[in-house]
Amino acid sequence: MNLIGRIACFGAIFLGMMVFSQSISLAEGSDALGGDVRCAVVGIKASESTNSAIRGAGLVTALFYLGRVDAQAPAGGQDKMITDELATITDATLHSEAVRCGNALSLKGQWLERVGRALSQGK
């Protein structure tokens, strides 16, 4: 696949991820917003790690969930939600949420792989 094809494939995957994420957000209701805020905080905390692998995974997690929070939260309320959660989250909650958020993000990654394979095969 040439460079233009790869860019188009990546763009289609990214767009699909955004549409899929938005449909999940709407279906889950307002409880999803609190969970997405906690996942964003998990990613932010992980992105502060001295371990480069954890830091990289944290950055991806933070960006993904910050996008979800931005799509669901009332205008201007995102910053306060994130900073409030950062100030109050406990280590125990952080660890349990990291497992939940990681599992959810892994499922999204598997879906993206399937979409990418289908696109590269011309389906």
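Read-outs throughout are calculated quantities, based only on the coordinates presented, and are distinct from any laboratory measurement. Computed from a predicted model, the values in this text were never measured in an experiment. Counting neighbours? That spans all protein chains shown, and the Cβs are built from the backbone with ideal geometry, glycine included.
By the gyration tensor of its Cα atoms, with a ≥ b ≥ c the square roots of the eigenvalues, what is the shape of segment 43-89: rounded for a/c under 1.5, prolate for a/b over b/c, or oblate?
Numbers: a/c = 4.04, a/b = 1.71, b/c = 2.36.
The shape class here is oblate.
Put simply, when 54-67, 84-97 are sorted by average Cβ atoms within 10 angstrom per residue, most first, you get 54-67, 84-97. Ordering CYS101, CYS39 from the fewest to the most neighbouring beta carbons within 10 Å gives CYS101, CYS39. Once you reduce segment 107-123 and segment 26-76 to the center of their Cα atoms, the two points are 23 Å from each other.
In this simple spin-label approximation, ARG114 and LEU59 carry label points 7 Å from Cα along the Cα→Cβ vector, and these lie 2.9 nm apart.
Given their separation in residues at 0.36 nm each and the Cα-Cα distance between them, ASN51 and ASN103 gain 16.7 nm when the chain is fully extended.
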